[in-house]
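Heads up: the structure comes next, in structure tokens.
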Amino acid sequence: MGIPKKNLRNQTVAHIFATEWLRNKSAGGTTLNGVEMVEVFKTNVHRREQSKMLLSVLSKAFPSVKINFDLSDCDKVLRVEGADLEATGIMILIKEYGFDCEILD
């Protein structure tokens, strides 16, 4: 009899998605065929002036992504959205300016 058609289709889509994601991840990318990704970081940026300076630096280094801070959040959140998102590069750059930055789970 086999798997019902509906379940087979859902499993196939899930498998394709997972395979593509792993292929891109192993190649060093964080996108899935140009699909926009969102990454949220916990930082220790407290002042607006600091966030403005970092936004300027990050925007120049990563011009194809949208970046913003939410300093009212207890984790001083940095939110980054885009198809060419480079989480490791963003964390390294922020740390070079003396701030903590880690991916928020």
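Just so it is clear, none of the values below were taken in a lab; they were calculated from the coordinates. Just so you know, these numbers come straight off a predicted model, no measurement behind them. Virtual Cβ from ideal backbone geometry, glycine too; neighbours counted across all protein chains shown.
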Within region 64-98, of all residues that are under 19 Å from MET37 (Cβ atoms) and basic (Lys, Arg), the one surrounded by the fewest Cβ atoms within 10 Å (Cβ to Cβ) is LYS66
When region 38-63 is checked residue by residue, the ones that are buried (at least 18 other Cβ atoms within 10 Å of the Cβ) and of a type outside the set (Gly, Ala, Ser) are GLU39, PHE41, THR43, VAL45, GLN50, LEU54, LEU58, PHE62
What pairs can you find where one residue is in region 55-70 and farther than 18 Å from ASN44 by Cβ, the other is acidic (Asp, Glu), and their Cβ atoms are less than 6 Å apart, with a gap of 6+ or different chains? SER64/ASP84; LYS66/GLU81
